[in-house]
Amino acid sequence: MSHTWFWSLIQNDFKTGNIDFDGCLRLLEKMQVTFDEDHLKHIFKKTIDKHTGDIISMDDFKAIYRALVYRPEFEELFKAYSTDGKLLPDGQLLKFLMKEQFQTDANETTTLEIIMKYEPIDEVRSKRMMSFEGFVRYMNSEECSIFKSQHRSVYQDMTQPLCDYFISSSHNTYLIADQLMGPSHLWGYTSALLKGCRCLEIDCWDGNNNEPIVYHGHTLTSKIPFRSVIHVIDKYAFMSSAYPLVLSLENHCSPKQQEVMAMCLKTVLGDKLLSSPLGGEVEVTKLPSPEALKFKVLIKNKKVGTLEQGVLRMEEDYHGEIEELSDSEFDSESTDTDDTLPTRQMRSPAKRRGERRSSLLPQKKPKVRKTKIALALSDLVVYTKSQKFVSFDHSLQHQQCYENNSIGESYARKLLKISAKDFISHTTRFITRIYPKGTRMSSSNYNPQEFWNVGCQMVALNFQTPGPQMELQDGKFLDNGGCGYVLKPQFLRDPNTKFTPRNVGGYSKPMSLSIRLISGHQLPPSSMSKTNKADPMVQIEIYGVPEDQTRKRSSVVKSNALCPKWNETFSFNIQVPELAMIRFCVEDEVSLANNEFLGQYTLPVMSLNTGYRRIPLISKDGTKLESASLFAHVWYY
């Protein structure tokens, strides 16, 4: 039947004789076969090299089709369950789902839906059976992906306070290259929003004609109008997620231009802008939930006075009114501005010794910096008031639940080392944003995992910079429907928690994970290779609490990017699976000392599907490699 179906599908294209490469392309697309064009060219060339000319016959096409579609590892599975080696009845498909894929809730309806969706041959479909063609299509589908299908939509409780979630956050969102001379561009905002990012950063400075501008202050990065940024945000704010969007303003504008900003936010965003507490509640003892704030844009900025004073002022017209906020200058690393370049010069050893000596003398009072805030902008700040971080103890005594801290990565790392317990206690109560240090001139990123481990909600990264850090970020927020909010584990939400990343104690729910890496399919060929080959190897990495961090490597398969086989099993013992991420990285061994990145896939360990699974691959720049994948068997208890 497969044979008849195949010929009937292609004979029209061969009516006028043999076909060329473009005809072959069209026919494969018609048959819904995914392929990498480089691989296809290579297979096509090998086929026509057998005879002269650059056209192929029906038999040649069949050979090309088989090279791209037929997988011995799929055939083995199919034959193990098929009654005659040719067809798979629905009852046998059900057995396969339950026994191999651990789908204990599968039933007749499940199998029927799979047959109807993936079986291409009408005659087979009408008999409630599956041909090998249908089985291949099913095994290559999203349903057999390693990522749990339940996690593709919002499945978590979205009614907890905002501080109970990890929130997808971007740093210097307007930059699309480095932070010294790179261009600022509206695409930075569009692409972050389309990725489900829920906290964007806007650096605002005074511009000409009383129009504020956005750029990386005191650098050569280009400038874009604040107004254009808000228009783009208005257009894309809720395209990928319905949950609240936070605009983190790094505000360097004069009060006059701050008023222009406030007016612009109100007129462009309209009803989307949250400018007063929900339900008119002025005594806020607990932050509202993402569910309660759906389709709302929140402004994160400094604020004058309390929420109540702001609400009362709403009644009056206070155009042109300004208040001064004083900031004691603490260690500049802990101030809540992510100003570009470090302002402190390197100190000489002699000067440092002098400082150490002077620290024993009576101290002068710290300099007080005055910040002028236009009330019109201040009063748009409701649940996300920027509050300078002083110490965990100070926050516990003085900070309100709607006040948020921003802490630079280096200072945050110090706090992590000396008081992880207090850090976690702090993040159970207050939204904490971490941002990259100013010395990262090339807009490189830090590892976000160490800050997720202590419950930091807004771990802001440079979205424009690809690499393992951004892959972790993308993988983390694949979860919960990609909505940009992921509920933190219970032990990071409980103010009385005893959990710390280095001492997981009774919070450990160990998982024993086994991954049998079977094969690869249509891996991207090495850029070094003339013959479309690669020497692929796979690295499987676990990120999580320090005890869980590990990396294992497969062997290298020589000269085969089309269908490498490994059949190697890797075992992992994971103490805190709720925080763990797993990354599959495929590399080409160029030399003993040098590997070339070919593709990767990162996801939360708790989102792993069991059974025989396809692992899609993503390129360096974050786009999905349509035809490339790994095939593995996953099992855990």
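The values are calculated or read from the model by the stated rules, or taken from the named source; none is laboratory data. Because the structure is predicted, anything quoted here is derived from the model rather than measured. Using ideal geometry, Cβ is built from the backbone for each residue, glycine included, and neighbour counts are taken over all protein chains shown. Note: accessible area is taken over every heavy atom of the protein model, side chains too, but ligands, DNA and RNA are not part of it. Shrake-Rupley method; radii C 1.70, N 1.55, O 1.52, S 1.80 Å.
Restricting the first member to region 85-100 and to residues that are more than 19 Å from residue 612 (Cβ to Cβ), and the second to residues that are assigned to a helix (DSSP H, G or I) and open to solvent by less than 40 Å² (accessible area, probe 1.4 Å), the beta-carbon pairs closer than 7 Å and six or more apart or on different chains are 87/124. So which residues in region 297-312 are assigned to a loop (DSSP other than H, G, I, E, B) and within 28 Å of residue 210 (Cβ to Cβ), if there are any at all? Residues satisfying the conditions are 302, 303, 304, 305. Contact annotation: no residue pair with Cβ atoms under 6 Å, 6 or more positions apart or on different chains, pairs a residue in region 430-441 that is closer than 15 Å to residue 465 by Cβ and small (Gly, Ala, Ser) with a partner that is assigned to a strand (DSSP E or B) and at pLDDT 95 or above. Considering 30, 95, 117, 86, the condition of being open to solvent by 40 Å² or more (accessible area, probe 1.4 Å), among the basic types (Lys, Arg) and touching a strand residue (DSSP E or B) at 6+ places or on another chain (Cβ under 9 Å) is satisfied by 86 alone.
Evaluate region 583-597: report whether one residue or more is within 19 Å of residue 469 (Cα to Cα) and in contact with a helix residue (DSSP H, G or I) (Cβ under 7 Å, 6 or more places away or on another chain). Yes: region 583-597 contains one or more residues that are within 19 Å of residue 469 (Cα to Cα) and in contact with a helix residue (DSSP H, G or I) (Cβ under 7 Å, 6 or more places away or on another chain). Of all residues in region 405-437, those being open to solvent by 20 Å² or more (accessible area, probe 1.4 Å), within 23 Å of the chain's Cα centre (by Cα) and of a type outside the set (Lys, Arg) number 1. Scanning region 615-633 for residues that are surrounded by 20 or more Cβ atoms within 10 Å (Cβ to Cβ) and more than 12 Å from residue 523 (Cα to Cα) yields a single hit, 632.
Suppose the filter is crowded, with 21+ Cβ neighbours inside 10 Å and in a loop (DSSP other than H, G, I, E, B); does residue 293 pass it?
So residue 293 passes the test.
Screening residue 622 on (1) part of a strand (DSSP E or B); (2) under 19 Å from the mean Cα position of the chain (by Cα) shows it passes everything except condition (1). Pairs linking a residue in region 291-315 that is closer than 26 Å to residue 236 by Cβ to a residue that is open to solvent by 40 Å² or more (accessible area, probe 1.4 Å) and hydroxyl-bearing (Ser, Thr, Tyr), with Cβ atoms under 7 Å and 6 or more positions apart or on different chains, are 291/159.
Within region 121-144, the residues that satisfy the criterion of being open to solvent by 30 Å² or more (accessible area, probe 1.4 Å) and either among the hydrophobic types (A, V, I, L, M, F, W, C) or more than 19 Å from residue 613 (Cα to Cα) (or both) are 122, 123, 125, 126, 127, 128, 129. Of the strands (runs of 3 or more DSSP E) lying entirely inside region 500-603, the ones with 3 or more residues being hydroxyl-bearing (Ser, Thr, Tyr) and open to solvent by less than 40 Å² (accessible area, probe 1.4 Å) are found at 511-521. Of the residues in region 199-213, at least one is more than 18 Å from residue 246 (Cβ to Cβ), small (Gly, Ala, Ser) and in contact (Cβ under 8 Å) with a residue 40 or more places away in the chain.
Among the residues of region 388-404, the one identified as open to solvent by 60 Å² or more (accessible area, probe 1.4 Å) and in a loop (DSSP other than H, G, I, E, B) is 400. Of the residues making up region 8-43, those that are of a type in the set (A, V, I, L, M, F, W, C), under 28 Å from residue 629 (Cα atoms), in contact (Cβ under 8 Å) with a residue 24 or more places away in the chain and not in a loop (DSSP other than H, G, I, E, B) number 7. Of all residues in region 408-431, those satisfying the criterion of being over 20 Å from residue 495 (Cα atoms) and in contact with a strand residue (DSSP E or B) (Cβ under 7 Å, 6 or more places away or on another chain) are 408, 409. For region 271-282, give me each residue that is open to solvent by less than 20 Å² (accessible area, probe 1.4 Å) and aliphatic (A, V, I, L, M). Passing the criteria: 273, 274. Looking only at residues in region 17-27 that are surrounded by 12 or more Cβ atoms within 10 Å (Cβ to Cβ) and more than 38 Å from the chain's Cα centre (by Cα), the one that is farthest from residue 523 (Cα to Cα) is 18. Taken residue by residue, region 560-575 has no member that is modelled with pLDDT under 95, over 26 Å from the mean Cα position of the chain (by Cα) and closer than 27 Å to residue 502 by Cβ.
Residues in region 191-227 that are part of a helix (DSSP H, G or I) and surrounded by fewer than 16 Cβ atoms within 10 Å (Cβ to Cβ): 194, 208, 209, 210.
Applying a threshold of 6 Å to beta carbon distances and a minimum spacing of six or more residues, or different chains, the list of pairs starting in region 396-408 at a residue that is in contact (Cβ under 8 Å) with a residue 60 or more places away in the chain and ending at one that is of a type in the set (Val, Ile, Thr) and open to solvent by less than 10 Å² (accessible area, probe 1.4 Å) reads 404/384; 404/431; 405/432; 407/434. Residues that are in a helix (DSSP H, G or I), surrounded by fewer than 18 Cβ atoms within 10 Å (Cβ to Cβ), at pLDDT 85 or above and not charged (D, E, K, R) within region 44-74 comprise 58, 63, 72, listed in sequence order. Within region 604-614, the set of residues being hydrophobic (A, V, I, L, M, F, W, C) and open to solvent by less than 10 Å² (accessible area, probe 1.4 Å) comprises 605, 608. Output yes when any residue across region 248-270 is within 19 Å of residue 295 (Cβ to Cβ), part of a loop (DSSP other than H, G, I, E, B) and open to solvent by less than 50 Å² (accessible area, probe 1.4 Å), and no when none is. No. Of the candidates 337, 343, 285, the single residue that is open to solvent by 60 Å² or more (accessible area, probe 1.4 Å), β-branched (Val, Ile, Thr), outside any strand (DSSP E or B) and modelled with pLDDT under 65 is 343. If the condition is being open to solvent by 10 Å² or more (accessible area, probe 1.4 Å), part of a loop (DSSP other than H, G, I, E, B) and in contact (Cβ under 8 Å) with a residue 40 or more places away in the chain, then region 454-478 contributes 463, 464, 466, 477, 478.
Of the residues in region 33-43, how many are open to solvent by 60 Å² or more (accessible area, probe 1.4 Å) and within 22 Å of residue 4 (Cβ to Cβ)?
Residues flagged as open to solvent by 60 Å² or more (accessible area, probe 1.4 Å) and within 22 Å of residue 4 (Cβ to Cβ) within region 33-43 amount to 0.
Beta carbons closer than 8 Å, at least 6 apart along the sequence or on distinct chains, pair a first residue in region 234-245 that is part of a strand (DSSP E or B) with a second that is among the charged types (D, E, K, R) and open to solvent by less than 30 Å² (accessible area, probe 1.4 Å) for 245/198.
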